[in-house]
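As structure tokens, the structure follows; a few thoughts come after it.
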Amino acid sequence: MSAESTPGPDISGPGTKSGSHRRRRGAGRRALLVTAWTAAGILVLGGAGVGYLYFKLNGNLKTVDINQMLGSDRPTKVDNGSENILVLGSDTRSGANRKLGGGADDGSARSDTAMIVHVYEGHKKAAVVSVPRDTLIDRPACTDAQGTSHAAATGVMFNSAYSTGGAACAVKTVESMTGIRMDHYLEVDFSGFQKLIDELGGVQVTTTKAIDDPESHLDLKAGTHTLDGKQALGLVRTRHGVGDGSDLGRIQLQQAFIKALVNQIKQVGVFTSPTKLYDLADTATKTVTTDSDLGSVNSLIDFANGLKSVSAKNMHMVTMPVEYDPANPNRVIVAEAKAKLVWTALKNDRPIPASATKGTATGQAKGVVTS
């Protein structure tokens, strides 16, 4: 979890171009939306039957008061029935994360994956925009949870916002880039991901070609597989064995895996196994950090109830339009005109037009994994 996270409040009643771009990094990416959606989905599925466990589950949650830290200098909330959620990863490079390949145990926290989730009015469809970690952006000035101010920076990697100022700085950077207010924040811990997949009984995917990446401990033949937690973690981290070897290719694999898991989460037989339900809910609530508005099990259930009608077939997943940086092929820059089409569509609660992503940089891994 992020070092800035604080325990959620208790409740008084019952009630988740190839080559060096590309450098090998310890923990890599996580399928963040996967765990966030799982945490929410599990609570919805079992909400009516676990009232006596609310005290414990509520104590598992960690919260960050984004609204208090950012104040009023934010985009105006659009009251059209839609919601925007920033889903971010937390890799502390220590403890359980280190055992899973998290790099040096230096006590720091990093965010290598970000997804902007737009839930449309009616909450039956969603758009998910992945933001590549290595995108060079202008980061606004921000203040972290300890009250330390950080000056604005130009031409820095997107994921530096989180490592510099934590959740609040990441949210402020996204809002500055998009002009869209983030209604909620969900942070997913790397170490909980593997355990959660195992407790779900694995996730079935089909690979259209073999994937062999010793760096992420993944060796899959072409065909259909039920991935356990270790394999799932390897899949959402791998890039060297698939496509052009870039971070963009890894995003394409993550998006395919998310759809597979969203389909499967609705088939989990939690009602027939109270023990399974508890284990899932316990792991899910330990794995996510939320904004303070979602900082109780009751609030998370209400939030999840608004998402449970969104199926995988109604999730439009894209990568933020980018192009390779002419000055450094190991980085990407925002394709401003096309990105504006994405942000304008989401602001107006409209579908993202196909023209927004046509001709932009991709990782050449689309279709390698299907559900």
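What shape does region 189-312 take by its C-alpha gyration tensor, where a ≥ b ≥ c are the square roots of the eigenvalues and a/c under 1.5 counts as rounded, a/b above b/c as prolate, and the rest as oblate?
Prolate, since a/c reaches 1.5 and a/b exceeds b/c.
Counting only Cα, what are the radius of gyration and maximum Cα-Cα distance Dmax of region 331-371, in Å?
Rg, Dmax (Cα atoms, Å): 12.4, 33.
Specify whether the C-alpha gyration tensor of region 312-353 places it in the rounded, prolate or oblate class, a ≥ b ≥ c being the square roots of the eigenvalues: rounded for a/c under 1.5, otherwise prolate if a/b is larger than b/c and oblate if not. Show your work: numbers first, answer last.
Numbers: a/c = 4.77, a/b = 1.90, b/c = 2.51.
Oblate is the answer for region 312-353, as a/c is 1.5 or above yet b/c matches or exceeds a/b.
Enter the accessible area per residue of region 126-170 (Å², integer; probe 1.4 Å; all protein chains in place).
Numbers: 1390 Å² over 45 residues.
Normalised by residue count, the accessible surface of region 126-170 is 31 Å².
Any idea of the accessible area per residue across region 224-371, 1.4 Å probe, to the nearest Å²?
Dividing the accessible area of region 224-371 by its residue count gives 41 Å².
Which net charge results for the neighbourhood of MET315, defined as the other residues with beta-carbon distances under 9 angstrom from its beta-carbon, given Lys and Arg at +1 and Asp and Glu at -1? List each step's numbers first, then the result.
On the way: positive: LYS125, LYS259, LYS313; negative: none.
Local net charge: +3.
Of all the accessible heavy-atom surface of region 199-319, with the other protein chains kept in place and a 1.4 Å probe, what percent is carbon and sulfur? Before the final figure, lay out each step's value.
On the way: 2090 of 4480 Å².
That fraction is 47 percent.
Below 8 Å between Cα atoms, with a sequence gap of 6+, how large is the relative contact order for region 143-268 in percent?
Reported as a whole number, the value is 16 percent.
What relative contact order, as a whole-number percentage, does region 298-371 give when Cα pairs under 8 Å and 6 or more residues apart are counted?
25
Counting only Cα atoms, I'd like the Rg/Rh figure for region 255-355, Kirkwood definition for Rh.
Using only Cα positions, Rg/Rh for region 255-355 is 1.08.
Just to be sure I understand: if I project the alpha-carbon convex hull of region 207-259 onto a plane and average over all orientations, what area do I get in nm²? Walk me through the intermediate numbers first.
Working: hull surface 12.9 nm².
Result: 3.2 nm².
Using packing as a proxy for protection, rank 152-161, 289-298, 321-330, 67-76 so that the peptide with the highest average count of other Cβ atoms within 10 Å comes first.
Working: 152-161: 17.6, 289-298: 22.0, 321-330: 15.0, 67-76: 12.6.
Highest to lowest by the protection proxy: 289-298, 152-161, 321-330, 67-76.
The values are calculated or read from the model by the stated rules, or taken from the named source; none is laboratory data. Quick caveat, the model's predicted, so the values are computed rather than measured. With ideal geometry, Cβ positions are generated from the backbone for all residues, glycine too; neighbour counts draw on all protein chains shown. Protein only, heavy atoms only, side chains kept; ligands, DNA and RNA dropped before computing areas. Shrake-Rupley method; radii C 1.70, N 1.55, O 1.52, S 1.80 Å.
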